[in-house]
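The values are calculated or read from the model by the stated rules, or taken from the named source; none is laboratory data. None of these values were measured; they are calculated from a predicted model. Positions of Cβ are generated from backbone atoms using ideal geometry, with glycine treated the same way; all protein chains shown enter the neighbour counts.
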Amino acid sequence: MQQSHGQVQTYVQAGSNLDKGWRVGVGPTLGCMNQWLEKFNTVVQVELPYWEDQNQWNLRLNTQWQYAINSNNAIRFNWDYEKQNHLDWMKSSLGYVWFF
C-alpha cells in the first residue's frame, strides 16, 4: 500500500546562533509512505522551506524505516539530509517508539 501527501508547512526556529535569536519560514512538503510488509513501512519526505532571514530556499530530505514489533511498539531508523547556506548536513538516528 502506498500513500502520498503534500502540504504547506510553517516553521519557527529559535536559538543563539540566529542573528535575531529566531526566524520563521514557510514552504511545501511532499512525501510518500509505503507499507512493504505487514510490520515494515517506510516514509520519504522532501521539504523546501524558505527562511525569511536568508531569502533563499533550503532543501531537506527525510527518510524513515519502521519495523512494528506489535501494535504498541516499533523500532525506527531515520536518516535526514539538509542543505543550508551551501553546507550539507546529515543526521542518522535509531530509536524505539511506544504508541499509546
*Any residue at all in region 73-90 that is of a type in the set (Ser, Thr, Tyr) and outside any strand (DSSP E or B)?*
no
*Taking region 41-100, which residues are more than 14 Å from the chain's Cα centre (by Cα), of a type in the set (Ser, Thr, Tyr) and more than 25 Å from VAL8 (Cβ to Cβ)?*
TYR67, SER71, TYR96
*In region 50-100, residue nearest to GLY21 (Cα to Cα) [restricted to those that are surrounded by 12 or more Cβ atoms within 10 Å (Cβ to Cβ) and either among the small types (Gly, Ala, Ser) or touching a residue at least 40 places away in the same chain (Cβ under 8 Å) (or both)]*: TRP51
*One residue from LEU18, LEU30 being part of a strand (DSSP E or B) and closer than 24 Å to HIS86 by Cα*: LEU30
*So which of GLN45, GLN13 is modelled with pLDDT under 95, in a strand (DSSP E or B) and surrounded by 14 or more Cβ atoms within 10 Å (Cβ to Cβ)?*
GLN13
*Give me the pairs, please: first residue somewhere in region 20-49 and closer than 23 Å to MET1 by Cα, second residue anywhere and outside any strand (DSSP E or B), beta-carbon distance under 6 Å, and either six or more positions apart or on two chains.*
GLN35/MET1
